[in-house]
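See structure below.
The values are calculated or read from the model by the stated rules, or taken from the named source; none is laboratory data. Just so it is clear, the model here is predicted, and its values are computed rather than measured. Cβ: placed from backbone, ideal geometry, glycine included. Neighbour counts: every protein chain shown.
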Amino acid sequence: MRVVFVHGACVKDGSWWWHRTAELLAERDVASEAPALPSCGETGEATGAQGPGLVEDVAAVREVLTASDEPTVVVAHSYGGIVTAEAAAGVDAVRHLLLVSSYLPEVGQSLSSFGGEEPAPFLDIDPEGGTFTVRPDALAETFLQDCGPEIQRQATDKTARQSLAVLEQPVRSAAWQHVPSTYLVCADDRGTPAGLQREFAGRAGSVVEIDAGHHPFLSQPAAVRDLILGL
């Protein structure tokens, strides 16, 4: 079995965000990989109004998923659920989807389908530059409040400005409709409200809920490892 982690919005160095859980999996001889998302600037292309968006992110993840026939669990976090919905569709190697505080779109829905009329207060949006990111002063208290100070400090250097294009681009497939799926609800998440998560979870095959913030793979890596191994 292998694990492919698909990270959320406005971050870079994807493997760092998963490293605490990935290390525990490696101790059990389970390999993992975290594809780079072009819309976050991880592949060297400039982000912006004309920069890479969801289509490029889907292609990047799909390339990794189709590169091996080994049975694969895809662990998708937050915006990563949007990417995975399309990227994992029709890939025979993908045996299970684990959706962590994740958006879970129907065909034709986009990230903006789930937002309010006003941008979330923790976002810094640059309409002219065509990018958005998480406000540095809101990162720890909104998304990492249950992580230690060292993780919070390191995370500040791992945020990225992402192309605004990803907000409006709809998914063309919904892999969770055809692949066994588990939704991990993070009850203490201050970024994606637990109520919204539970709505998405109703679309998944099974649901697990833990008292964790937005990044349980950093704050409770053993729990996430055990959940993955149980699949």
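Of the residues contained in the stretch 122-135, none is found to be of a type in the set (S, T, N, Q) and in contact with a Phe, Trp or Tyr (Cβ under 6 Å, 6 or more places away or on another chain). Criterion applied to V6, V91, V55 was being under 13 Å from the mean Cα position of the chain (by Cα), under 21 Å from V171 (Cα atoms) and of a type in the set (V, I, T), and the one residue passing it is V6. Hey, among the residues in the stretch 124-139 that are buried (at least 17 other Cβ atoms within 10 Å of the Cβ) and at negative phi, which one's farthest from the chain's Cα centre (by Cα)? Among those residues, the one meeting the criterion is T131. Condition first: assigned to a helix (DSSP H, G or I) and surrounded by 15 or more Cβ atoms within 10 Å (Cβ to Cβ). Can you find one or more residues in the stretch 168-184 that meet it? Yes, the stretch 168-184 has at least one match. Just to be sure, is P105 modelled with pLDDT of 95 or more, part of a loop (DSSP other than H, G, I, E, B) and either in contact with a helix residue (DSSP H, G or I) (Cβ under 9 Å, 6 or more places away or on another chain) or under 21 Å from V11 (Cα atoms) (or both)? For P105, the condition - modelled with pLDDT of 95 or more, part of a loop (DSSP other than H, G, I, E, B) and either in contact with a helix residue (DSSP H, G or I) (Cβ under 9 Å, 6 or more places away or on another chain) or under 21 Å from V11 (Cα atoms) (or both) - is met. Looking at the stretch 177-190, is at least one residue among the acidic types (D, E), under 26 Å from A36 (Cβ atoms) and touching a residue at least 60 places away in the same chain (Cβ under 8 Å)? Yes, the stretch 177-190 has at least one match.
Tell me, which residue of the stretch 109-118 that is under 19 Å from the mean Cα position of the chain (by Cα) and assigned to a loop (DSSP other than H, G, I, E, B) is surrounded by the fewest Cβ atoms within 10 Å (Cβ to Cβ)? Only one residue tops the list, namely G115.
Per-residue answers, yes or no, for (1) touching a helix residue (DSSP H, G or I) at 6+ places or on another chain (Cβ under 7 Å); (2) assigned to a loop (DSSP other than H, G, I, E, B); (3) among the aliphatic types (A, V, I, L, M):
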position	(1), (2), (3)
V4	yes, no, yes
W18	yes, no, no
E23	no, no, no
D29	no, yes, no
S32	yes, no, no
A36	yes, yes, yes
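Might you check whether a residue that is touching a Pro at 6+ places or on another chain (Cβ under 6 Å) and not hydrophobic (A, V, I, L, M, F, W, C) occurs anywhere in the stretch 1-16?
Within the stretch 1-16, not a single residue is touching a Pro at 6+ places or on another chain (Cβ under 6 Å) and not hydrophobic (A, V, I, L, M, F, W, C).
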